[in-house]
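All of the numbers you see were taken from the coordinates with simple rules; none came from a lab. Fair warning: this is a prediction, and the values are worked out from it, not measured in the lab. Neighbour counts run over all protein chains shown; Cβ positions are idealised from the backbone, glycine included.
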């Protein structure tokens, strides 16, 4: 209270200066008069009385100063004066101010933008209640495709019984359904969840209610909870949606509520349904099949329980069930469960990229600060005279330090204000990049915390700049004044610091350039990758005639499906310009999620060797020609490979190499195998290989081709169908006509992913391209700043050495020699910076190894190219001051 | 007569408050004289010490001031104690006594030591 009151009085004191000053003068004068009068009364003569009184006062001016300090907040007044002064000084050097502000704005802006993304995606607390208590369980095993196996219902049951540290275990199963409405049909992604899902996740509804344990089991009404995003997108945020019915997979489902905005996990999802929506999820295969793993598991730690406790308990459960159910856990595959904090799982895919960008931005900031420090140092030399005069007039070193700090703060804040503009643009760009990696991209924003980060960054930058600007030591001022103003060129120490800063800039630029080079080369390598098919002029579209559930469990639901697909094919093929139309699924360059183990007749796997797991794809007789996939051996499917004829397959080269390395595979037999077949509408019968197709990069350009088994489209509609249309030119123009045909033949079926193969290919590399582009632009930015830095330092050095150079020239040094001298000065700095940079890049490249493809992290060509480029640009930057040095007229400099 | 002492921070405020309590409203000169006399001239107060202290007490709300006429008809600023100042004086005096006793006890020659 007392301090508050005093503080308020002092703040008030800031604004009452003049009036209070008059008052104070009167008061002190009265004191002096009274004391003088008293002295006279004691018998002194008036002059002596006054002198004595003055002496006792200790000085009226000093007293006035002391009271003023007590009255207001002297440091604020001092800083206000400093700010005023700093602004004036910066206005006087507009070029300096502009360059510095822009440089700092780039550094601060880039860092702020990327920090806001890192914060939104990786650091911010989850919107879930006590989100840090949520964990994700991941079951994995050795072998391809077994990095995340999900869980089966019996496994979840065992976990519930055996892991008390997990207070709630929620099940989530990804599914797709067709939603029919008056204005057409669309496929939606849904999650089938247990009733405790929302309770465990700690999420609340914005409308209506969420599912509860009473929504579990058979015989309950099917209900749906819409995600916030889907509710807004599809229903325009209409609150009357609660209680309405929607048609999913041809059956009515009641919407009971809308979920709060929350990150999607594990996939983008439109609605969350109770299990009764899927017959399959309540069937015996699902509920009893221990190896029927299609459930994601999220759990909430019990109060007081730790992740380690949960790990121990789950480990014990797994040790037990692996002994008990040997048939479901192949000992060679080492089944295991990892327990990962939910927040970490959400950030998993974005983490490496984001830290890469954050690191790159930090480098840009280092370079920017080094450059600005150099500029201020040079300016400081010119200002040395002024500082010396100020010191002579009574400003202490502390006072000058504060003045410089205030100047630097003003500069940094100027940079920060401009940086906000850059950050706003940057955040927008980055959000679109991060959306591909993280379900939390919608949480990215420039909020208070980010602006706080920016402010802190600016203050740190200002402090750094102030520390680097070395002031003369106390007491050395006098000698400098005696030395005379004009001779105060940069001290040796200062020059050494400038050089060190230039070296830092060059080294950091090299690191950035090397990163950019490696990522760009990765892009080039990816673009060179042979997709295995001719992607030009091919349009694809998926047309699911059956719902996903029907496909899997009741393919006979639409007996006319095959005939309708054939009609679409024939009619589209009749469009002008069309060369070939094929039917199949999934579309080329799309990963297939349907994978089973395969075995070859007469080829028992070696002990401990896992069977290959192959993608199941379908193709009709025209598919390979339409997609441009070469048939290496054998024949394509024929129209005679119908539903009733013999079971035939075409396998790709990867699988052929695996099973039949030195044999002719045509005519050999393979079969699907494994426990999972019991749950799939597919038989383990032997099938005869009739052809070998070339490998295609369906899993991404950077992924090795997976083994594939093609089955005749006519024999197997269970994974859906789509059209592959090859035309002679401008295939995009066919999209409208083909869509019209499909819509006429199948009015209620969704038409999905109408895209050319070139678009598919492009889409698979675009995040990497954006990545490479960002790092490259950072690299180019860095090189420009560094080039300006080294050029500036040399120019400064030349102007400081004008006299010396003049003397050299008058003593016979020709201009070529002077040029060489200056160039070698710059070359030395460049060389040191290059060496340090290459060493730094070597380590940095190892960190980003995971983002590279087809390039070694220490790729000599990249490193050499970067070094040559940096050296060339650096030398070019040195050339200008060197040229200026060589044009110095000795006559003029000597006379001066 | 003894040596001259510096006024310790904090004690000056206490002296000013006590002076105003004893003598009632008083100008700065009067306060200074009273403190110097009470200390038998071992303390001298220059303006740069006294007036910031008066201002600080006023800012803290322990004293208030107004312009008035001095005994010999001079215009002077008179300081007087507020209610909060009275309370503060009592509190500080009590603390000071306790501290003084404590220090005295500490510094007293112990039996057997001399």
task = List the relative contact order of region A:607-747 as a percent without decimals, with contacts defined as Cα pairs under 8 Å and 6+ residues apart.
result = 36
ask   = Hey, how many Å between the Cα centroid of region A:684-703 and the Cα centroid of region B:15-57?
value = 101
task = Using every pair of alpha-carbon atoms in region A:309-444, split the distances into 5 Å bins beginning at 0 and state the percent of pairs per bin, rounded to integers.
result = 2, 7, 9, 12, 9, 8, 8, 8, 7, 6, 6, 5, 4, 3, 3, 2, 1, 1, 0
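Can you sort B:82, A:756 from fewest to most other Cβ atoms within 10 Å of each residue's own Cβ?
Ascending Cβ contact count within 10 Å gives the list B:82, A:756.
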Packing-based order for A:45-53, A:407-415, using average beta carbon neighbours within 10 Å, highest first = A:407-415, A:45-53
Distance histogram for region A:779-832 (every C-alpha pair counted, 10 angstrom bins, percent rounded to whole numbers) = 22, 47, 23, 8, 1
task = Please give the length that would be gained between residue A:69 and residue A:872 if that part of the chain were fully extended, namely 0.36 nm times their separation in residues minus their C-alpha to C-alpha distance (nm, one decimal).
result = 283.3 nm
message = Considering only C-alpha atoms, what is the centroid distance from region A:284-357 to region A:232-260, in Å?
response = 33
Residue-averaged 222 nm ellipticity for chain A, from DSSP H runs of 4+ at -39500 (n - 2.57), nearest 500 = -17500 deg cm²/dmol
request  = For each of A:75, A:231, A:672, count neighbouring Cβ atoms within 10 Å of the residue's Cβ, then give the residues from fewest to most.
outcome  = A:75, A:672, A:231
note = Note on region A:676-783: alpha-carbon gyration tensor, axes a ≥ b ≥ c; rule is a/c under 1.5 for rounded, else prolate if a/b larger than b/c, else oblate; result oblate
request  = If a/c stays under 1.5 just call it rounded; otherwise compare a/b with b/c (prolate if a/b is bigger, oblate if not). Do that for region A:607-719, with a ≥ b ≥ c from the square roots of the Cα gyration tensor eigenvalues.
outcome  = rounded
message = If a paramagnetic tag sat 7 Å from the Cα of residue A:386 along the Cα-Cβ line, which residues of region A:67-94 would have the backbone N under 16 Å from that point?
response = A:81-94
task = For region A:509-651, just say rounded, prolate or oblate: build the C-alpha gyration tensor, square-root its eigenvalues into a ≥ b ≥ c, call rounded for a/c under 1.5, and beyond that prolate if a/b exceeds b/c, oblate if not.
result = oblate
inquiry  = Between region A:183-214 and region A:709-743, what is the separation of their alpha carbon centroids in Å?
reply    = 34
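Tell me, A:513, A:632, A:468 in order of fewest to most beta-carbon neighbours within 10 Å? Display every interim value, and only then the final one.
Numbers: A:513 28, A:632 14, A:468 21.
Exposure proxy ranking, most exposed first: A:632, A:468, A:513.
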ask   = Over the C-alpha atoms of region A:554-626, what are the Rg and the largest Cα-to-Cα span, Dmax, in Å?
value = 17.4, 56
